[in-house]
Ligand code: NAD
């Protein structure tokens, strides 16, 4: 009998009340590794009730108390890096070094949240009128929810709950049902750090559990990260239920390579950012835009590196790229490759049927490189979310910017060049939320905020950094008078003086 991943409510594992379960795979072998409980609305009610019960006490806790727990959690995550990375690799499939990187980037958000005393400072103006002061303070929202994707089972939940909790909220997390174990382990570690029961609950489940959270009257706000069609629905459903919602969606990230760029540097970057984590990153590069005469040399250099990549189980330190997360993800990617060939793109490297020997039952697709891709082809229009890199050739800088800006997604973009003026123009003109200049995956540090434009984000706040604190608090502005003398009745509109 496979181990059952349960919910985490009131600092304890529980199977909840519904009996639906799902399968969690080991992508490198294709075997079922675990079962996971799939929450219905009754389980969501239990988790929200627990969070609501804890909310008052936690909102009243001192900043010092919160910081102490966050520091202890930071130490525990640091001490359990390897265990967490191994859990990610087992259920997601990414290579272990990549999983370690994910834990590190999540940890940096906890470190940011440890400074909550500084971050929650309000504003204060003395003597805005005679004997009158004005000031603003930040209050937590109450119970907030997070709904997260499979591709970063540690980092993306940690974009959310450390900041929400530091701000004085209680949190209900609904992680992806494809790799749920890491979230549960994080919640256990937070409890070990001293977090009171109910402040962080985890309900496992699929869209049904997520929908119940979005409809729940006890939930004040929801952070979502996932694909664009679901993000759009989540934003509409959550806001219709009166909640504050930030919904981050999918991506089609372009890397523009100008004619003056160093071909080797650009090819290294394209291959690393295109095939890392088997392309299952929202900041993966999926389109290389080769400008002018650099195209032939660039494609040759990318192809050489692509053919040399070692695909294999994430647990093998020799592997550079692991499998895809599920059989259906693999089949989806291979059907896009077939469509690319059919629609006339040149398959320079075709990753279909390239399972590493001895691991044929896993969910493999080798790195794939298409050249001469045109914007109407489905390999260009759709987010494939697999190890497929497309090269689009354009003659000029202006046409490169036009291509990027015409794309409905706007998560990340990069430019490779030695020309500072061109880079500056690009940075100003692209309609994309995160820009890399000679950096292929420009993921902002924890103290900046992460988020795309256009169909890559619904709502108006990005995650973590200053936006995170803003999203998880509401401001109250106080005007206070301590008069030295009576003013008497005055029906005029208050002015200063
Ligand atoms: P997904 O949209 O399938 O699922 C995301 C979450 O939504 C999961 O927890 C899932 O259970 C839940 N869900 C599924 N159906 C739902 C529904 N109808 N209503 C509410 N919730 C529902 O995404 P995924 O396949 O897990 O993750 C990959 C996607 O996430 C890619 O598109 C990727 O680009 C995107 N992503 C975006 C970012 C970003 O920061 N913009 C970061 C990571 C991943």
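The values are calculated or read from the model by the stated rules, or taken from the named source; none is laboratory data. For clarity, every value in this text was computed on a predicted model and none was experimentally measured. Methodologically, a virtual Cβ is constructed for each residue, glycine included, from the backbone with ideal geometry; neighbour enumeration extends over all protein chains shown.
General remarks:
- Any hit, the stretch 186-209, residues being without any contact (Cβ under 8 Å) to a residue 60 or more places away in the chain, more than 23 Å from the chain's Cα centre (by Cα) and either surrounded by 23 or more Cβ atoms within 10 Å (Cβ to Cβ) or not assigned by the TED database to the domain that holds residue 423 (or both): no
- Members of the stretch 326-379 found to be within 16 Å of the ligand (Cβ to nearest atom) and farther than 30 Å from residue 180 by Cβ, listed by number: 378, 379
- Flag if residue 97 is farther than 20 Å from residue 276 by Cβ and either buried (at least 16 other Cβ atoms within 10 Å of the Cβ) or at pLDDT 95 or above (or both): no
- Flag if residue 295 is over 30 Å from residue 260 (Cα atoms) and either in a loop (DSSP other than H, G, I, E, B) or more than 27 Å from the chain's Cα centre (by Cα) (or both): no
- Scanning the stretch 134-182 for residues that are in a helix (DSSP H, G or I), near the ligand (Cβ under 9 Å from one of its atoms) and surrounded by fewer than 24 Cβ atoms within 10 Å (Cβ to Cβ) returns a single hit, 155.
- Count of the stretch 262-275 residues which are touching a helix residue (DSSP H, G or I) at 6+ places or on another chain (Cβ under 8 Å) and surrounded by fewer than 23 Cβ atoms within 10 Å (Cβ to Cβ): 3
- Unique residue being within 14 Å of the ligand (Cβ to nearest atom) and at pLDDT 95 or above when the list is 194, 211: 211
Conditions tested, residue by residue: (1) under 27 Å from residue 364 (Cβ atoms); (2) within 24 Å of the chain's Cα centre (by Cα); (3) assigned to a helix (DSSP H, G or I).
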position: 18; (1), (2), (3): no, no, no
position: 42; (1), (2), (3): no, no, yes
position: 47; (1), (2), (3): no, yes, yes
position: 52; (1), (2), (3): no, no, yes
position: 55; (1), (2), (3): no, no, yes
position: 65; (1), (2), (3): no, no, yes
position: 70; (1), (2), (3): no, yes, yes
position: 85; (1), (2), (3): yes, yes, yes
position: 111; (1), (2), (3): no, yes, yes
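- Taken over the stretch 442-483, the criterion of being within 12 Å of the ligand (Cβ to nearest atom) and either closer than 28 Å to residue 125 by Cα or part of a loop (DSSP other than H, G, I, E, B) (or both) is satisfied by 443, 444, 449, 451, 452, 455, 456, 459, 462, 464.
- Annotation note: of 286, 272, the sole residue that is more than 14 Å from the ligand (Cβ to nearest atom) and either within 19 Å of the chain's Cα centre (by Cα) or under 18 Å from residue 441 (Cα atoms) (or both) is 272.
For (1) in the same structural domain as residue 150 (by the TED database); (2) within 11 Å of the ligand (Cβ to nearest atom); (3) free of Cβ contacts under 8 Å to residues at least 24 places away in the same chain, each residue gets a yes or a no:
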position: 239; (1), (2), (3): yes, no, yes
position: 264; (1), (2), (3): no, no, no
position: 279; (1), (2), (3): no, yes, no
position: 292; (1), (2), (3): no, no, no
position: 295; (1), (2), (3): no, no, no
position: 298; (1), (2), (3): no, no, no
position: 302; (1), (2), (3): no, no, no
